[in-house]
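Colleague: I have a structure here, written as structure tokens, and I will follow up with some questions on it.
The values are calculated or read from the model by the stated rules, or taken from the named source; none is laboratory data. Since this is a predicted model, take the numbers as computed values, not measurements. Every residue, glycine as well, gets a Cβ built from its backbone with ideal geometry; the counts of neighbours run over all protein chains shown.
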């Protein structure tokens, strides 16, 4: 299939590409997991993320061994930009490197953060 594009009385043909809804969902450019701020942090930090579509979102914190520390988000969210705060209070965590990961369908992204006492 081709598109017909008029150009000063001359017709130009250009190929048409089609995408499926799943292709659009997997288009990572619309999803964004931002670096936490501040980093390093003590006792709290803010994590921002962006969703181009509505759906189930999970954001979890892991230690360097891959053990889950906590779940920050586990719910249905509308498309948009969000902030979530991670505060060390009940969790007695040691200083060090931690990871936070977002999951939305087949999309996932992971970033590092540093906790200093």
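For (1) more than 12 Å from residue 110 (Cβ to Cβ); (2) surrounded by fewer than 15 Cβ atoms within 10 Å (Cβ to Cβ); (3) over 13 Å from the mean Cα position of the chain (by Cα), each residue gets a yes or a no:
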| site | (1), (2), (3) |
| --- | --- |
| 35 | no, yes, no |
| 40 | yes, yes, yes |
| 50 | yes, yes, no |
| 53 | yes, no, no |
| 56 | yes, yes, no |
| 61 | no, no, yes |
| 64 | yes, yes, yes |
| 67 | yes, yes, yes |
| 73 | yes, no, no |
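Colleague: Scan the stretch 87-103 for residues that are in a strand (DSSP E or B) and modelled with pLDDT under 95 and jot them down. Spell out the reasoning first.
Modeller: Just the residues of the stretch 87-103 that are in a strand (DSSP E or B), to begin with: 87, 96-103.
Listed by number, the residues that qualify are 87, 96.
Colleague: Quick check on this structure: which one of 117, 106, 112 is at pLDDT below 95, under 19 Å from the mean Cα position of the chain (by Cα) and surrounded by fewer than 16 Cβ atoms within 10 Å (Cβ to Cβ)?
Modeller: On the way: 117 fails: under 19 Å from the mean Cα position of the chain (by Cα); 112 fails: at pLDDT below 95.
Sole residue among the options that is at pLDDT below 95, under 19 Å from the mean Cα position of the chain (by Cα) and surrounded by fewer than 16 Cβ atoms within 10 Å (Cβ to Cβ): 106.
Colleague: Report yes if residue 84 is free of Cβ contacts under 8 Å to residues at least 40 places away in the same chain, surrounded by 14 or more Cβ atoms within 10 Å (Cβ to Cβ) and assigned to a strand (DSSP E or B), otherwise no. Before you say what the answer is, go through the steps one by one.
Modeller: Numbers: free of Cβ contacts under 8 Å to residues at least 40 places away in the same chain: yes; surrounded by 14 or more Cβ atoms within 10 Å (Cβ to Cβ): yes; assigned to a strand (DSSP E or B): yes.
So residue 84 passes the test.
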